[in-house]
1. Amide H to amide H under 5 Å from ARG175: which residues, 5+ apart in sequence or cross-chain, H placed 1.01 Å off N in plane?
2. With only alpha-carbon pairs counted, each pair once and no self-pairs, how large is the Kirkwood hydrodynamic radius of the range 365-408 in angstroms?
3. Evaluate the distance, in nm, between pseudo-label points positioned 7 Å from the Cα of LEU123 and of MET408 along their respective Cα→Cβ axes.
4. Can you work out the PRE-style zone for TYR348? Point 7 Å along Cα to Cβ, and I want the residues of the range 279-311 with backbone N under 14 Å.
5. Per residue of the range 257-266, what does 6.51 cos²θ - 1.76 cosθ + 1.60 with θ = phi - 60° give for ³J(HN,Hα)? Whole Hz please, x for Gly and Pro, Karplus curve as stated.
6. For the range 102-166, just list the percent of Cα-Cα distances falling in each 10 Å bin from zero outward, please.
7. Which of the three applies to the range 183-407, rounded, prolate or oblate, going by the alpha-carbon gyration tensor with a ≥ b ≥ c and a/c under 1.5 meaning rounded?
8. Treat each spin label as a single point 7 Å out from the Cα along the C-beta direction, and report the ALA103 to LYS245 distance in nm.
Amino acid sequence: MAASLVKVCYNQLPVTASRFGSRLLFFRPQAIHQSQQGSWRSLFSGRRRFSPVSLGLQARLRPLPLILATGGGYVGYDQYGRYRDRELEKLGIEVEPRVANEAQVGLYKTIPTRLLSRAWGRLNQVELPTWLRKPVYSLYIWTFGVNMQEAAVEDLHHYRNLGEFFRRKLKPQARPVCDSHCVISPADGKILHFGRVRNCEVEQVKGVTYSLETFLGPHTWAESLVDATRNEDDASSFQDLLVTKEGNELFHCVVYLAPGDYHCFHSPTDWTVAHRRHFPGSLMSVNPGVARWIKELFCHNERVVLSGEWTHGFFSLTAVGATNVGSIRIYFDKELRTNAPRYSKGSYNDFSYISNNNREGVAMRKGEHLGEFNLGSTIVLLFEAPRDFAFNLKAGQKIRYGEPLGSM
């Protein structure tokens, strides 16, 4: 009788120990062997068993918490670094910009932003029921701070879909065009950077640059200006090709259009558009935070370069695409198709506006409607002007279409 009682107690030791949290001290060899054989069953049963096999299997089956913890830790560390940099800048201490490496840029490019942008474009064309238009547009207005009092049509029920609302027109007197300055802002937005072009490098934001030649592509739109004797290794030679008049220098200005801004853009000056170059590419975000993080962001993204001449020489306007802004429209160019399903990385398509019937190109007047974005993006102006040209701007300031950029 006593022997049977001892045997029963011995058989119950693993169960009793597990109830009191002392499993490792009382496990019999048979119990350990059973837990190894039944590790799959122990994962989903109410009774938990600790063994090297079950612990390793659980780790293999549950990688998501590890990924989330690692990613969250990295994002937290990165945000803390950016916060520290902002605090140092407030104290007047110059901080080197945090630029993404090739692996980070490559990882970003794996996101199907082109496909998502096309899907967003399709969604924008879906006609909304009349009763749903005001709630949807009101939410957008509240989120992005849209001023509907400037719109030509303030009635929200007038806009059949999101695309029409994004491309809404302004009242005729909402944006008076400055007549006393030669160059005006082509759109509503924020000034990211401006100044002279140095050594064929252009700043997209302070401290982060991109190559002028990579951005515009080879100088084949005006072969007559190409000097056959120029040195290909000379970094500044491409910039010299763009400056056609003695005493002039090359200037640039970057205007960022936020989602709540007026989405059409206009001619910044009186000029003649002679050539269009379309670069298919990525559609990464171009908000100021990303522009500070990714070097040559504008060179990676899809863009349309309009180049020609104004009274002081070379002039160009580039519309840069972004996430959900794959569609770039130029009003006088019916052949342009952006964000096509297929594209070759690093390629570009040229089109000349000079023909037998029009030997000069397309003449644009200052303030004239030029094109539009689907949601909001960036416009880059590159032009030559006399050395005494000066911008009347501050980096980061808000600007509206029609306001002056600078003067002689």
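Taken together, the values in this text are just the output of simple stated rules run on the coordinates, not laboratory data. Worth saying up front: this structure is predicted, and the values here are computed from it rather than measured. Methodologically, a virtual Cβ is constructed for each residue, glycine included, from the backbone with ideal geometry; neighbour enumeration extends over all protein chains shown.
1. Amide H to amide H, under 5 Å and 5 or more residues apart or across chains, ARG175 pairs with nothing.
2. One decimal place: 13.0 Å for the Kirkwood radius.
3. Placing both labels 7 Å beyond Cα along the Cβ direction yields 5.0 nm.
4. Those under the cut-off are 279-281, 298-308.
5. Each residue of the range 257-266 in turn: 9, 7, x, x, 7, 5, 8, 8, 10, 10 Hz.
6. Reading upward from the zero bin: 19, 38, 23, 15, 5.
7. Cα axes put the range 183-407 in the rounded bin.
8. With each label placed 7 Å out from Cα toward Cβ, I get 5.1 nm.
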